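The values are calculated or read from the model by the stated rules, or taken from the named source; none is laboratory data. This one's a predicted model, so the numbers in the text were calculated from it and none came from an experiment. Using ideal geometry, Cβ is built from the backbone for each residue, glycine included, and neighbour counts are taken over all protein chains shown.
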Amino acid sequence: MDYLKSISRVVLGKDIPSFPYNIGEKVDSFEGASIWSLHNGTKKEDGTSVSVFTFDCNKQKDRLPLAKNAFKKFRTIRHPDLLKYLDGVETETYIYIVTEYVSPLKDQLKLHEDNNLKLWGLYKVGSALKFLNNDCSIIHGNVRISSIFTNKAGEWKLAGFELLSSIKEENPVIYTYGGLVVESAKYASPEVSKNSWNILKDQEVWVTDSWNYGTLIYEVYNGEFTSAKQLDNVESIPQAICDRYRQLVSTNPKLRLSASSFIEDGLKPGGFFQNDLVQVNLFLENMNIKEAKEKENFFKKLNNCIDNFPEEICKYKILPELINALEYGSGGAKVLPPIIKIGNSLSSTEYEQIIVAAIVKTFAVPDRTIRLSLLENLGSFIDKLSNKIVNDQIFQHVVTGFTDTAPIIRENTVKSILLLAPKLSDRTLNNELLKYIAKLQMDDEPGIRTNTTICLGKISKHLNDSTKKRVLVSAFSRSLRDPFPHARVAGLMAFSATSDYYDATECATKILPCVSLVMIDKEKSVRIQAFKTADTFIKRLEKLVESMPDTAIPDPNSTENSSSLGVASNVAGAAASVAESWAGWAVTSITKRVI
C-alpha cells in the first residue's frame, strides 16, 4: 500500500504542491536501465511537453549520492549536445529533474536504420565528450545507450550524469561511487575492471569515456553486448570507422583514442562524417559565420538533398534554422525553396504557425532579392494562406512592388496578382488593385504593359459586374493603341476571352469599332488576331440579337408597315445567309496563355 501511495505522489506531483509541471505516464522502455524512472510530462502554465526524471530516495538509498550528483551537474553544466535542463526539485522522498521532451535512444534505434542519422548522433555524443573531457577536464563515466536521449528532431542528447566528475574536485564522485551505477561491471573499462575506479586518477581524463564511446558505437550497430570479447566483432560497424573504433576500445589506455580525435578524423576530407546530413547540420549550426557565397551554394545543395533526410530532422532541426535565416536575412533569397519543400510535410496547423508566420514577416522585408523570391515561389504556398492573411497582412506589402523602380519586381508583382486575386476582398479587388493596374498599363516597360493587360483579362472573372462594365472596355481599348505589338495582341485576346461580359450595344458601338482599326495594323500577328477577335464578337452579337424583335414598327397591319416589314425581312435574311458563309474560329481562352 505504501508503494502505491508513493507512485501516486510521483504521478500526480502531490509531493510538491507548487511544482509547475504535471508528471504523466512512465516510459516503460526505459525502466531498469538507470537509477531514474522517466516520465512524460507537461508544463502546467502552457501545456508544453517535457520529460521528468524521478528518483525514489527511500527505495534506492545506497544510490542517493549518484542522484544528488546528477541533479547538481544538470543545474551547473550546459552545452547544446547535453540534455537540456529546465527545472528540478529535491524532497525527502524524491528527486525530480525536468528536461526538454525526449525519448530513450533505444526507442529510436528500433525505428530507424538510417546510417547517416546514426553517424550524426555519434558526432553529437562525441562533441559533448570533447567539451567535457577537453574543455572542462570532466569525466562523464557513464556513456552508454541508456544515457542518451533523442529530442523531437531525432538528435542525440547526452545525459546520465550520475558519475559526472571534475578531476579538479576535492572528492570526485566517480572514484567512490563508480561501481553503483546500473551494470557498472559490464561497461567498466579494462583498467577499471582490473583495479578500481581510483585507477583513473593516474590516467588521461578521457580514457574511460573513450572506452564507453567505443562500446556505444558497438551497441548502436550490433545491439547489446555481454562480454568485452564481443567488441572485436566489427562486421556490422561501417568500414569507414572500423580503424578508429578499434582504437577507442583498445585495452591499453595509453593507446586509446580520445573522442576528440575521433571527431577530428571523421571531419577530415573523405572522413566518415563527410555525408550530406552531418554537413548540412554543421553548416546550419555555424551559418552566422559563413560568407554570402557559401550560403548561396549551400541552399542550392540543400534543396536537392533534403528529400533523403529523416522527416523529424527536417521539421524540427533544419526548418527552424532556415526560418531564422529567412527572418533575419542571413540566408538570403535562396533559403525560401527548401523552407517551402519542408513545409509540405507539415500539418495545416503546423504550417500556419511556422511557415505562414515567417512568410508574413518576410513580405515586409525591403530586400529585393527576398521579395522577388517570395513572388516567384508564391504558387507553392498560396493555397496555405487564408483570405484574411492575404488581405490584412500580405497584400499591403505586395502592392509596393507595383511602383518599385526595378522592372523585374513590377513584372513579378503583376504575375502574383493571378494567384492573389481569388483571395482578395471585393473592395480590395475592385478598387485598390485596379488603380495600380491602370498605372501599370502605362508603364515604361512594354513587357509589363502587355502582362498587365493579360493579367486583367485573367482576373476579370473575379470582378463584380459594375467594375467589369466600367473598366474592361476602356482598359483593353487602350492596349490596342499601344506601340508595342504584343501589347496590342494581348488586348485583342483579352477582349475575346471576356466577350461574354459585354452587351450588344458595347459589342457593336465600342468594341468592334476599336478592333476594326487594328485589322489594318502594320504587324501581321496583330491583324490576324484582330480578325479572330472580330469574328468572336460578330458571333456574340448574332446570339444577342436573336432575342430582339423582328421590327420596331408599331402597326404591322398597315400597308406601309407591311411593305417595310417585307424589306426588313429580306435584308435580315440576306445578312444571315452571308454570316453563315463565313468560317468562324473560336479563340483560345486567355487563361491558357502563359505569362
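Structure data summary
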{"read-out": "Scope segment 243-260; condition out of contact with any Leu (no Cβ under 6 Å at 6 or more places or on another chain), of a type in the set (G, A, S) and in contact (Cβ under 8 Å) with a residue 12 or more places away in the chain; matching residues", "value": "S258, S260"}
{"read-out": "Count - residues of segment 364-386 that are part of a helix (DSSP H, G or I) and without any contact (Cβ under 8 Å) to a residue 40 or more places away in the chain", "value": "5"}
{"read-out": "N281 free of Cβ contacts under 8 Å to residues at least 12 places away in the same chain and either closer than 30 Å to Q239 by Cα or among the polar types (S, T, N, Q) (or both)", "value": "no"}
{"read-out": "Within segment 6-34, tally of residues that are of a type outside the set (S, T, N, Q), at pLDDT 65 or above and more than 20 Å from D87 (Cβ to Cβ)", "value": "4"}
{"read-out": "Considering residues of segment 213-237 that are polar (S, T, N, Q) and touching a residue at least 24 places away in the same chain (Cβ under 8 Å) only, the residue surrounded by the most Cβ atoms within 10 Å (Cβ to Cβ)", "value": "T215"}
{"read-out": "Of all residues making up segment 396-426, the number that are farther than 16 Å from I454 by Cβ and either of a type outside the set (S, T, N, Q) or in contact (Cβ under 8 Å) with a residue 40 or more places away in the chain (or both)", "value": "13"}
{"read-out": "Condition check for T413: at pLDDT 95 or above and more than 23 Å from C514 (Cα to Cα)", "value": "yes"}
{"read-out": "Checklist (1) under 14 Å from K124 (Cα atoms); (2) aromatic (F, W, Y); (3) without any contact (Cβ under 8 Å) to a residue 40 or more places away in the chain applied to F273, failing item", "value": "(3)"}
{"read-out": "Pick from segment 402-456, criterion out of contact with any Lys or Arg (no Cβ under 8 Å at 6 or more places or on another chain) and of a type in the set (D, E), ranking: surrounded by the fewest Cβ atoms within 10 Å (Cβ to Cβ)", "value": "D444"}
{"read-out": "Some residue of segment 99-120 being assigned to a helix (DSSP H, G or I) and among the hydroxyl-bearing types (S, T, Y)", "value": "no"}
{"read-out": "Qualifying residue in segment 129-141 (condition: modelled with pLDDT of 95 or more, crowded, with 18+ Cβ neighbours inside 10 Å, of a type in the set (S, T, N, Q) and under 18 Å from T208 (Cα atoms))", "value": "yes"}
{"read-out": "Residue satisfying all of: in segment 141-153; part of a loop (DSSP other than H, G, I, E, B) and more than 17 Å from Y221 (Cβ to Cβ); farthest from the chain's Cα centre (by Cα) among these", "value": "G141"}
{"read-out": "Hits in segment 199-212 - residues which are part of a helix (DSSP H, G or I) and surrounded by 13 or more Cβ atoms within 10 Å (Cβ to Cβ)", "value": "I199, L200, V207, T208, D209, S210, W211, N212"}
{"read-out": "Segment 49-89, subset part of a strand (DSSP E or B) and aromatic (F, W, Y), residue surrounded by the fewest Cβ atoms within 10 Å (Cβ to Cβ)", "value": "Y85"}
